[in-house]
Amino acid sequence: MGVFVLNNALVTINAVDLSTRATSVTINYEREAVESTAFGSGGRTFVAGLENNSCDVELQQDLATSMVEATIFPIVGTSVTLIFRNDAGAVAPTNPTYTITGAYLATHTPLNAGVGEMGTTSLSFQGGTLVKTTA
Amino acid sequence: MTTYRVTSDLVYGRALGDTVTDADLDGCNIDALIAGEHLAPISVTIKKQADKEAGQ
């Protein structure tokens, strides 16, 4: 897989596969830059600090048993594991799995739609550690 | 160790009716999975030793 169009992504939140209700995923992988500049340095230098990850997920709201609302509402204010892949098929070097452990769910919008619009929820996860696996 | 039965078909890598343990769910919010009706604790009945000795 080279470039790709995201049309069959795997989206699991707290071990629940919500791929069929997901419409958008953004993973922000960040290592904080800790300054290591000392006297004699020709320019500022940095070393890697803590991970400062965040993740935004858009879901179609679904109030059915065991679906979006039943899965998401109880995890607001807690930390869970998130798993994503570009394609829901088998993991491979060209289809890596991104696992964020300890992602804190800060925001959930259980009711979010205008007149005539699809009900959606926007989730914002913060923190945790990211691991990328290809096998 | 607590054992749970999978009660929805949305639990990643598990099928409806599978059995999982705390260890299988490391990093997950188990209370939320129960609240969302994805898991149900399996209750275990422990017979007293005295009952066994009495042949009951």
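The GluC sites (Glu not before Pro) of the range A:1-83 that DSSP puts in a loop, and whose beta carbon has at most 13 other beta carbons within 10 Å, are A:Glu30.
Ranked from largest, the principal axis spans of the Cα set of chain A equal 63, 33, 26 Å.
Each residue, A:Ser122 and A:Asp87, gets one label point 7 Å from its Cα in the Cβ direction; the gap between the two is 3.1 nm. Comparing A:Leu105, A:Leu82, A:Leu50 in a Gaussian network model of chain A where C-alpha atoms under 10 Å apart are linked, the largest mean-square fluctuation is found at A:Leu50. Which residues in the range A:67-84 place their backbone N less than 20 Å from a point set 7 Å from the Cα of A:Phe4 along the Cα-to-Cβ direction? Taking a point 7 Å out along Cα→Cβ of A:Phe4, the residues of the range A:67-84 whose backbone N falls under 20 Å are A:82-84. Centroid-to-centroid, using Cα positions, the range A:1-57 and the range A:80-105 are 12 Å apart. The chymotrypsin sites (Phe, Trp or Tyr not before Pro) of the range A:1-61 that meet both conditions, a loop assignment by DSSP and at most 16 other Cβ atoms within 10 Å of the site Cβ, are A:Phe4, A:Tyr29, A:Phe39. If the chain linking A:Val47 and A:Asn28 were pulled fully straight, counting 0.36 nm for each residue of separation and taking away their Cα-Cα distance, it would gain 5.0 nm.
Taking the helices alone, chain A has a mean residue ellipticity at 222 nm of -500 deg cm²/dmol, built from -39,500 (n - 2.57) per DSSP H run of at least 4 residues and averaged over all its residues.
Each value in this text was obtained by applying a stated rule to the coordinates, not by laboratory testing. The structure displayed is predicted, hence computed values, not measured ones. Every residue, glycine as well, gets a Cβ built from its backbone with ideal geometry; the counts of neighbours run over all protein chains shown.
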